[in-house]
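**Q** Got a structure for you, written out below as structure tokens; questions coming shortly.
Just so it is clear, none of the values below were taken in a lab; they were calculated from the coordinates. Everything quoted here is computed from the prediction, not taken from an experiment. Virtual Cβ from ideal backbone geometry, glycine too; neighbours counted across all protein chains shown.
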Amino acid sequence: MISIRNLHKKFGDLEVLKGIDVDVQKGQAIVVIGPSGSGKTTFLRCLNILEVPTAGSVTIDDQTADFSKPFSKRQITAFRKQSAMVFQHYNLFPHMTALENVMEGPIIVQKKDKAAARKKAEEILTKVGLSDKMDYYPFQLSGGQQQRVGIARALALEPKVMLFDEPTSALDPELVGEVLQVMKDLASEGMTMVVVTHEMRFAKGVADEVLFMDGGKIVERGKPEDIFNNPKEERTQQFLNLIE
Ligand code: ADP
């Protein structure tokens, strides 16, 4: 479903991604872990070209973005439609209700008619456990509820791939579980997802594969039980010792 080749990203002289190669199969949940500043968020943002990589290519399903060649805005827009991102700080529209937030993408991006967008948004909000909060504004919702709206909004775009950028790290600890549960349900329904997170329990319980990043590279990758119980690389071991 996703094929990443020799991905590089520089900000000025700072090389943040130093050649990343990853394949993700359809239906896999991949969790990316690693120290702060290792390039995890940049890696995720490159997958839907919120950051433009300096070199390499990303293929999602049947579309390839090859960053060694010039490409048009139209190509970027088409490429972006294949994935949807969930952000750390939810990024909801504050002046719109939960329902309106979820309807916005389908109406604006996909040009769906309002009635169809509403029906779909209601279904998705029900799925994330917010059937009784559809008419609430973000400020009337808890952080966990806002993030579930964030996930619903991404799902409404019917992406082939969901990208999660530290979706629970702005939440009070008691609200983390409800968001992880929604993500867990998505994974078990076969959604292809790439998740940057510090939630090691989620990584252990849900990931098909864990990628450990450090210094702009993937240092080690493997099944969660291997990465957590038997890491091969010293840097992985050091990182896990620090956080556990
Ligand atoms: P992580 O998610 O692992 O904490 P990031 O991808 O956020 O790492 O950041 C990796 C490095 O890239 C950091 O040194 C960060 O300061 C730098 N960086 C990220 N975004 C930008 C940007 N827009 N401009 C300049 N430097 C950036």
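**Q** Which members of the stretch 1-18 meet the condition of being within 10 Å of the ligand (Cβ to nearest atom), assigned to a strand (DSSP E or B) and over 12 Å from Lys217 (Cα atoms)?
**A** If the condition is that a residue be within 10 Å of the ligand (Cβ to nearest atom), assigned to a strand (DSSP E or B) and over 12 Å from Lys217 (Cα atoms), then Lys10, Phe11, Leu14 are the ones that fit.
**Q** If you check Met162, Met183, which single one turns out to be outside any helix (DSSP H, G or I) and touching a strand residue (DSSP E or B) at 6+ places or on another chain (Cβ under 9 Å)?
**A** Among Met162, Met183, only Met162 is outside any helix (DSSP H, G or I) and touching a strand residue (DSSP E or B) at 6+ places or on another chain (Cβ under 9 Å).
**Q** Okay, next question. Return the pair list, or none, for Cβ contacts closer than 7 Å from residues in the stretch 27-46 that are within 21 Å of Phe228 (Cβ to Cβ) to residues that are of a type in the set (Ser, Thr, Tyr) and not in a helix (DSSP H, G or I), at least 6 apart or on different chains.
**A** Gln28/Thr192; Val31/Thr197
**Q** May I ask you to list pairs of residues, at least six apart or on different chains, whose Cβ atoms are under 8 Å apart, with the first in the stretch 206-226 being farther than 13 Å from Thr41 by Cα and of a type in the set (Asp, Glu) and the second being assigned to a strand (DSSP E or B) and within 16 Å of the ligand (Cβ to nearest atom)?
**A** Here the result reads Asp208/Ile30; Glu209/Ile30; Glu209/Val31; Glu209/Arg221; Glu220/Leu211; Glu220/Phe212, each pair linking the stretch 206-226 to a residue that is assigned to a strand (DSSP E or B) and within 16 Å of the ligand (Cβ to nearest atom).
**Q** Now, a different point. Suppose we filter the stretch 167-197 for residues that are in contact with a His (Cβ under 7 Å, 6 or more places away or on another chain) and either under 13 Å from Ile151 (Cβ atoms) or within 13 Å of the ligand (Cβ to nearest atom) (or both); how many remain? Don't jump to the end; show me each part of the working.
**A** Of all residues in the stretch 167-197, those in contact with a His (Cβ under 7 Å, 6 or more places away or on another chain) come to 169-170.
Keeping just the survivors that are either under 13 Å from Ile151 (Cβ atoms) or within 13 Å of the ligand (Cβ to nearest atom) (or both) gives 169.
Within the stretch 167-197, residues that are in contact with a His (Cβ under 7 Å, 6 or more places away or on another chain) and either under 13 Å from Ile151 (Cβ atoms) or within 13 Å of the ligand (Cβ to nearest atom) (or both) number 1.
**Q** Next question. Go through the stretch 193-219 and give me each residue that's assigned to a strand (DSSP E or B) and surrounded by 20 or more Cβ atoms within 10 Å (Cβ to Cβ). I'd like the intermediate steps shown before the answer.
**A** Our first condition is that a residue be assigned to a strand (DSSP E or B); within the stretch 193-219, this holds for 193-196, 209-214, 217-219.
Across the stretch 193-219, the qualifying residues are Met193, Val194, Val195, Val196, Glu209, Val210, Leu211, Phe212, Met213, Asp214, Ile218.
**Q** To continue, here is another question. How many residues does the stretch 28-83 hold that are crowded, with 17+ Cβ neighbours inside 10 Å, more than 22 Å from Ala207 (Cα to Cα) and among the β-branched types (Val, Ile, Thr)?
**A** The qualifying residues number 1.
**Q** Let me ask something additional. Of everything in the stretch 204-223 that's under 27 Å from Gly56 (Cα atoms) and touching a helix residue (DSSP H, G or I) at 6+ places or on another chain (Cβ under 7 Å), which residue is farthest from the ligand (Cβ to nearest atom)? Please lay out each step first, then the result.
**A** So in the stretch 204-223, the residues under 27 Å from Gly56 (Cα atoms) come out as 207-223.
Applying the additional criterion that residues be touching a helix residue (DSSP H, G or I) at 6+ places or on another chain (Cβ under 7 Å) yields 207, 210, 212-214, 219-220.
Values: Ala207: 17, Val210: 15, Phe212: 11, Met213: 7, Asp214: 9, Val219: 12, Glu220: 15 Å.
Among those that are under 27 Å from Gly56 (Cα atoms) and touching a helix residue (DSSP H, G or I) at 6+ places or on another chain (Cβ under 7 Å), it is Ala207.
**Q** What number of residues in the stretch 224-244 are within 16 Å of the ligand (Cβ to nearest atom) and either surrounded by 14 or more Cβ atoms within 10 Å (Cβ to Cβ) or within 20 Å of Lys18 (Cβ to Cβ) (or both)? So that I can check it myself, show each step before the final result.
**A** Step one: filter the stretch 224-244 for residues within 16 Å of the ligand (Cβ to nearest atom), giving 235-236, 238-240, 242-243.
Keeping just the survivors that are either surrounded by 14 or more Cβ atoms within 10 Å (Cβ to Cβ) or within 20 Å of Lys18 (Cβ to Cβ) (or both) gives 235-236, 238-240.
Within the stretch 224-244, residues that are within 16 Å of the ligand (Cβ to nearest atom) and either surrounded by 14 or more Cβ atoms within 10 Å (Cβ to Cβ) or within 20 Å of Lys18 (Cβ to Cβ) (or both) number 5.
**Q** Separate question: Could you check Asp23 against (1) more than 14 Å from the chain's Cα centre (by Cα); (2) more than 12 Å from the ligand (Cβ to nearest atom); (3) crowded, with 18+ Cβ neighbours inside 10 Å and say which number it fails?
**A** Going through (1) more than 14 Å from the chain's Cα centre (by Cα); (2) more than 12 Å from the ligand (Cβ to nearest atom); (3) crowded, with 18+ Cβ neighbours inside 10 Å one by one, Asp23 breaks only (3).
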